[in-house]
Every structure is written in C-alpha cells, then in structure tokens.
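Pasting a structure here, questions to come.
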Amino acid sequence: MSTFAWVAVVVVAVVALAAVGYFMLQQQKRRTHLRERFGPEYERIVAEHDNNRKEAEQELRSREQRHSELDIRPLTQESRDAYATRWIEVQERFVDAPGFAVTEADQLVTAVMAERGYPTENFEQRLSDLSVGHASTLDHYRTAHEISGRAARKEASTEDLRQAMVHYRALFEELLQNTTQGR
C-alpha cells in the first residue's frame, strides 16, 4: 500500500472515532439533562421500562415535548392568595373531618393545576405533565393520591390522612410559585 493509502486509512479512522466520540458525548449530555430535569422520576421510568434507557429516555423526551405545547402560566397574586386561604381552611377542617379534608386537598391541588394550564382529566397524564416541571414533588403527589384512594375505601388511618395532607401540601406550595422548574 502506498503512503497516500495509509494516510487515507488513518484519516478515515480518526474521523470515525471522532464521530463516535461526538455521538457518545451528545448522548451523555441528553441523559444528564433528563436526569437533572426529572430527578428521581428518571430512574423510576427507566425501571418501568425494564432498564431500557433508550425507551425510557424517549418517553421523557415525549413528556418534554407535550409539556412545551401546554399553555402553562403563572397564577395572579390574587389567585395565589385565594388558594392559600383555601388551603388554610382545608387544614382547619382536618381536625373534625380528616377524610373530607384530604379529598378537598386533592381537589384544591387539581384546581390550581387547571388554572396554571395543566390538563386534569386523567391522573396518570397529570403525573406525566407535572413530571417535567415539578419532578421533585411528584412522589409526594403519588403518595397523597394513593392514601386518598385508601381513604375513600375507609382503609386509611388518621395518621395516613395526616401524611396525605403533608404530601399534598408539598405539591400545592410548589404549584403556587410562579415558576416552573427546569424551564
């Protein structure tokens, strides 16, 4: 082989290695972005997809795409104040009617979501939409919703109901803020 041919082979090999390195770097950047944006939700979705990161990451990117098409908006100061007052009332009712207060807390969180522009028809879709901007409180919402379901079946203790209120409050307070994390 001539010197020219060897140089060509080396150049092609270097270009191929550079392309592979660039591809891997981009993939790592996307993965890091998703991990930072979705927090613990990233690992939960990966596990849900039987550790198939490619499928899980595609789902998370789809969530980001859907979220970008939603008209998520901040609350007015008046709305924020009104919701905060309603939350205090719900907490006060907890003393006499804990199960009812938990149901009201769920409804209040849903009302805030709706006013912010989140679709609220389906719980799983709510989780998916919230995961993009509120991943840090998503487990709180899941837990509160699960306890609320048990409460509806009369299978939750007063302590369970108290925990549901704590979990709902975490998401409620975050939704009242006029920012969306990760944006």
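So the check is Cβ under 6 Å with 6+ separation or different chains; which pairs have a first residue in the range 22-43 that's closer than 14 Å to Leu130 by Cα and a second one that's open to solvent by 50 Å² or more (accessible area, probe 1.4 Å)?
So the pair list comes out as Arg37/Gly182; Gly39/Ser136; Tyr42/Arg35.
Among the residues of the range 121-140, are any of a type in the set (Ser, Thr, Tyr), open to solvent by 50 Å² or more (accessible area, probe 1.4 Å) and under 19 Å from the mean Cα position of the chain (by Cα)? Full working, then the answer.
Taking the range 121-140 as the starting set, the residues that turn out to be of a type in the set (Ser, Thr, Tyr) are 128, 131, 136-137.
So of that shortlist, the ones also open to solvent by 50 Å² or more (accessible area, probe 1.4 Å) come out as 136.
Subsequent filtering for residues that are under 19 Å from the mean Cα position of the chain (by Cα) retains 136.
Yes, the range 121-140 contains a residue that is of a type in the set (Ser, Thr, Tyr), open to solvent by 50 Å² or more (accessible area, probe 1.4 Å) and under 19 Å from the mean Cα position of the chain (by Cα).
Kindly provide the set of residues from the range 146-162 that are open to solvent by 60 Å² or more (accessible area, probe 1.4 Å), of a type outside the set (A, V, I, L, M) and assigned to a helix (DSSP H, G or I), ordered by number. Give the derivation first.
Taking the range 146-162 and keeping what is open to solvent by 60 Å² or more (accessible area, probe 1.4 Å), we get 146, 152-155, 158-159, 162.
Keeping just the survivors that are of a type outside the set (A, V, I, L, M) gives 146, 153-155, 158-159, 162.
Within the range 146-162, Glu146, Thr158, Glu159, Arg162 qualify.
Could we say that Ala105 is buried (at least 17 other Cβ atoms within 10 Å of the Cβ) and in contact with a Lys or Arg (Cβ under 9 Å, 6 or more places away or on another chain) here?
yes
A further question follows. Identify, by number, the condition in (1) surrounded by fewer than 10 Cβ atoms within 10 Å (Cβ to Cβ); (2) modelled with pLDDT of 80 or more that His49 doesn't meet.
Among (1) surrounded by fewer than 10 Cβ atoms within 10 Å (Cβ to Cβ); (2) modelled with pLDDT of 80 or more, the lone unmet condition for His49 is (1).
Would you say Ser79 is surrounded by fewer than 12 Cβ atoms within 10 Å (Cβ to Cβ), touching a helix residue (DSSP H, G or I) at 6+ places or on another chain (Cβ under 9 Å) and not hydrophobic (A, V, I, L, M, F, W, C)?
No: the conditions fail for Ser79.
Could you go through the range 114-135 and let me know if any residue there is over 23 Å from Phe38 (Cβ atoms) and of a type in the set (Asp, Glu).
yes
When you check Ser79 against the structure, is it assigned to a helix (DSSP H, G or I), in contact (Cβ under 8 Å) with a residue 12 or more places away in the chain, under 22 Å from Thr120 (Cβ atoms) and more than 13 Å from the chain's Cα centre (by Cα), yes or no?
Yes.
The rows are residues; the columns are (1) farther than 26 Å from Arg153 by Cβ; (2) under 22 Å from the mean Cα position of the chain (by Cα); (3) open to solvent by 30 Å² or more (accessible area, probe 1.4 Å); (4) of a type in the set (Ser, Thr, Tyr).
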residue: Glu64; (1), (2), (3), (4): yes, yes, yes, no
residue: Pro74; (1), (2), (3), (4): yes, yes, yes, no
residue: Val90; (1), (2), (3), (4): no, no, no, no
residue: Asp96; (1), (2), (3), (4): no, no, yes, no
residue: Phe100; (1), (2), (3), (4): no, no, yes, no
residue: Val109; (1), (2), (3), (4): no, yes, no, no
residue: Glu115; (1), (2), (3), (4): yes, yes, yes, no
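The values are calculated or read from the model by the stated rules, or taken from the named source; none is laboratory data. This one's a predicted model, so the numbers in the text were calculated from it and none came from an experiment. Using ideal geometry, Cβ is built from the backbone for each residue, glycine included, and neighbour counts are taken over all protein chains shown. To get the accessible areas, we keep the full protein, side chains included, count just its heavy atoms, and leave off ligands, DNA and RNA. Shrake-Rupley method; radii C 1.70, N 1.55, O 1.52, S 1.80 Å.
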